[in-house]
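The values are calculated or read from the model by the stated rules, or taken from the named source; none is laboratory data. Just so it is clear, the model here is predicted, and its values are computed rather than measured. Here Cβ is always computed from backbone atoms with ideal geometry, including for glycine, and neighbour counts include all displayed protein chains.
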């Protein structure tokens, strides 16, 4: 048996997850950059931050897809 959440609850939970994802991801990305790119040239910094600046979108898309799925008919019974 699978329990389903109302769409409003799913959107609320998903929003909280996305906010936490962005905050944690930003801290980790900056920590990795400062640990590995300390002596790297400017273009290495630019490439790293362009790549890592877009990479967070992948897990966010999964969360957004989960948030927007409708409950199947009769699922709340």
Problem - Single match in 61, 50 (criterion: farther than 30 Å from residue 7 by Cα and without any contact (Cβ under 8 Å) to a residue 60 or more places away in the chain) - result: 50
Practice task
Consider only pairs whose beta carbons are under 6 Å apart and that are at least six residues apart or on different chains; among these, list those whose first residue lies in the range 26-46 and is closer than 22 Å to residue 57 by Cα and whose second residue is at pLDDT below 95 and assigned to a loop (DSSP other than H, G, I, E, B).
Solution key: 44/37; 45/37
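Part of a loop (DSSP other than H, G, I, E, B) and loosely packed, with under 12 Cβ neighbours inside 10 Å, is that true of residue 38?
Here the answer is yes, as residue 38 does meet what is asked.
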Exercise for the section: Could you pull out the residue among 48, 25, 43 that is in contact with a helix residue (DSSP H, G or I) (Cβ under 7 Å, 6 or more places away or on another chain), in a helix (DSSP H, G or I) and either surrounded by 12 or more Cβ atoms within 10 Å (Cβ to Cβ) or on the phi < 0 side of the Ramachandran plot (or both)? Expected result: 48
